[in-house]
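Asks: Mind looking over this structure? Questions follow.
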Amino acid sequence: MAAQQDTDAVGVVSDEELRERPIGELLGRLASETTTLVRQELELAKAEMSQKGRTAAPGIGMVGAAGALGLLAAGALTAFLILLLSTFLDDWLAALLVGVVYAVVAYVLYRRGRERVEEATPPVPEQTVETLKEDVQWAKTQARSAKR
């Protein structure tokens, strides 16, 4: 009965009661609590990644729409530039000049974009990683105090 009084509503047991329990029971409890902790951490990781996905989805759609409209605008502007330059140059030379300028701009954008993507990888659930590190540290502390 005294052991029940030392246990609160959440199932936390006092240090004194833990010292009185056999090692086998404590190891069993540690295994059970570790399993529960791992499940909770996995649920946290899933929730965190799901939240990131819900936040990013509308933005990804907008970027796609902007890309499609940008492509249409680029086509119209390309025709304009070629027609404008063809008043001073041959038609083929005007088209070549516009194409080369676009290729240079595309290359610069590609390089900068690739660098940004490399900076952002790997996409890791940062909060979960931090809590896992804290949990490992806590478990090490508990293991050391149990040996004493």
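Asks: Please compute P(r) over all alpha-carbon pairs of the stretch 28-79, binned at 5 Å starting from zero, and give each bin as a whole-number percent.
Replies: 4, 17, 11, 11, 9, 9, 8, 7, 6, 6, 4, 4, 2, 2, 1
Asks: Once you have the Cα-Cα distance between residue 63 and residue 96, take 0.36 nm times their residue separation minus that, and quote the gain in nm to one decimal. Could you put the intermediate results ahead of the total?
Replies: Working: separation 33, 0.36 × 33 = 11.88 nm, distance 2.91 nm.
Between residue 63 and residue 96, full extension yields 9.0 nm more.
Asks: Something else about it: Around residue 46, what is the net charge, scoring Lys/Arg as +1 and Asp/Glu as -1 over all other residues with Cβ under 13 Å from its Cβ? Show your work: numbers first, answer last.
Replies: Values: positive: 39, 52, 54; negative: 41, 43, 48.
It works out to a net charge of 0.
Asks: For residue 46, list the aspartates and glutamates whose Cα falls under 14 Å from its own Cα; do not include residues on the same chain fewer than 8 positions away.
Replies: Straight-line reach from residue 46, under 14 Å: 126.
Asks: Identify all aspartates and glutamates with a Cα-Cα distance to residue 133 below 14 Å; exclude those on the same chain that are fewer than 8 residues away in sequence.
Replies: Counting by Cα, and skipping residues close in sequence, residue 133 has these aspartates and glutamates nearby: 41.
Asks: Whole number please: convex hull volume per residue of the Cα set in the chain, in Å³? The partial results should precede the final answer.
Replies: On the way: hull volume 20.0 nm³, N = 148.
With only Cα atoms used, the chain gives 135 Å³ per residue.
Values quoted throughout were computed directly from the atomic coordinates according to the rules given, and no laboratory measurement underlies them. These figures come from a predicted structure and were not determined experimentally. Because the Cβ atoms are built from the backbone with ideal geometry, glycine has one as well, and the counts that use them run over all protein chains shown.
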